[in-house]
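The values are calculated or read from the model by the stated rules, or taken from the named source; none is laboratory data. Just so we're clear, the structure is a prediction, and the values are computed from it rather than from any experiment. Glycine gets a Cβ as well: all are built from the backbone with ideal geometry, and neighbour counts include every protein chain shown.
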Amino acid sequence: MTASAQAAPYYHRSLDFEALCKSYPPAGDYLQTVHAMSRDELRSVQESRFLAQMKRAWQVPFFQHHWGKAGMQPGDVRSLEDLARIPPYTVHDLRASIERAPPFGDHIGIDWETADPMPLLLQTSGGTTGLPRPMIYTPQDRETMNILSSRRLWMQGVRPFDRVQVALTLGLANGGLLGREALWKYSGAIPIMTGSGVVTPTRRQIEILKAWGTNVLVAFPAYLRHMALVARDELGLEPSRLGIKAVLTHLGVDSRERLEELWGAPVYDCYGTNECGAIAADCEQRTGMHVFEDAFAVEIADQESMKPAAPGEKGTVFLTTLFKYAAPVIRFDSGDVSAMLAGNCACGGTHMRMDRIFGRNDGMIKLRGVNVFPEAVGAIVDRHANCNGEYVCLVERKGAADDDEMTVLVEKIAPELEGQGIEQELALRFREALGVKLVVKAVGPGETESYTGLNRTSKIKRVIDRRKSA
Ligand SMILES: [Zn+2]
């Protein structure tokens with residue numbers, strides 16, 4: 001090892017921060033510049049970044065392997081037009097990459113043996129079963145992601161000296177800590193990192209919110225709902241009078257209106273992954289999430305045929321980054337289902353807009369030949385006036401596959417409420433909306449928690465498929 005290889009790499013020397021902020025304007029600077037750029041200008045920025053990203057990706061063993069198998073040559077891709085010719089990959093390919101080159105996989109293009117030292121970070125996906133998926137970030141990767149998150153914060157009303165309470169899991173999962181970095185470095189607001197209900201119990205979250213004057217909340221929808229109900233029912237505090245001016249979340253198919261009513265504040269959606277950071281975010285209009293197109297090329301297509309979906313048509317989201325160094329992402333099949341929206345946005349932003357995330361292809365349950373998204377079940381439960389929005393789906397095999405049964409446990413808003421009416425009404429609505437008969441069982445408040453892990457984690461479990469262990 002050489003002497004220089006032993007020297008510690010200082011973060012503040014690892015990057016030209018000013019140049020980065022010019023290339024990727026953060027927060028309010030973004031809204032005044034890149035957000036309203038003409039489509040032609042935006043396309044030319046994308047083109048040059050895409051070619052640079054391809055060049056870097058060819059240095060990464062994962063892509064050499066994946067593209068080589070498909071007979072691709074470095075000269076084959078000459079512009080964004082050629083993106084459609086690149087073979088996509090999925091999370092299964094990433095798992096294979098980790099097996100081939102443990103512990104992090106050969107999609108991380110940094111060789112510890114030969115690379116110059118640089119400050120690196122590791123964070124992961126949320127992870128449901130098994131080890132979560134790790135991702136390594138170089139300073140360029142991380143700071144660009146912080147900047148993208150800061151744009152989201154600013155678009156959604158966060159301003160200097162705001163007190164932003166982040167009730168997301170802190171630790172390996174990327175979301176909460178990325179939020180802290182963006183808030184702290186690029187917004188001027190003060191992050192209050194209460195974490196999930198395990199780190200700071202819900203009652204204490206509310207006490208802190210009130211005592212320290214939190215005015216912006218960041219959390220997943222189920223926990224936002226839970227917090228509001230604990231405030232109202234256990235502490236006698238009306239959540240809509242607690243002074244919250246904005247609620248930032250990943251909405252999915254949860255009801256925006258219901259959360260807005262509870263908190264008395266606008267609720268903003270965002271889409272992101274641990275590999276990419278914030279990809280798209282609601283503007284003040286809340287009519288679809290603008291993709292940060294100077295940092296990503298996002299496609300929505302049919303997962304099997306790869307035919308691009310027309311505006312408004314649902315398809316799978318395929319992600320390509322334009323800024324990453326350690327692990328570029330080129331046509332990653334995210335498994336998330338959404339749609340592109342047509343028309344211009346009243347905010348003046350030129351970047352294309354995505355609809356909400358309707359669910360995940362791999363979260364889909366096949367029940368007696370019908371595809372059921374658990375998120376769609378949740379959206380129906382959430383709209384029932386006598387349910388508090390909490391639910392869990394239990395799938396069982398009773399005999400042959402034709403007899404598979406799904407029981408939806410839903411929580412009543414109060415234990416003394418009679419359950420039979422709720423059960424019949426919801427069963428009818430499921431049948432109408434999903435085209436399949438489900439069994440509904442109404443239980444008391446808090447009774448689905450042992451299945452979902454609501455108070456313990458941000459990665460809430462909504463499906464227990466007992467067919468898989470049978
Ligand atoms: Zn807009």
Check your understanding: Which pairs do you get when a residue that is of a type in the set (V, I, T), found in the range 274-289, comes within reach of a residue that is within 15 Å of the ligand (Cβ to nearest atom) and modelled with pLDDT of 95 or more, reach meaning Cβ atoms under 6 angstrom, with the pair 6+ apart or on two chains?
Key -> I279/Y271
Review point. Hey, among A326, A301, A265, A339, which residue is of a type in the set (G, A, S) and within 22 Å of L178 (Cβ to Cβ)?
Key: A326
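Which ranges mark the helices (runs of 4 or more DSSP H) fully within the range 1-75 that have 3 or more residues being touching a strand residue (DSSP E or B) at 6+ places or on another chain (Cβ under 7 Å) and at pLDDT 95 or above?
39-57
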Check your understanding: Scanning for something modelled with pLDDT of 95 or more, more than 16 Å from the ligand (Cβ to nearest atom) and assigned to a helix (DSSP H, G or I), does the range 121-139 turn up at least one residue?
Key -> yes
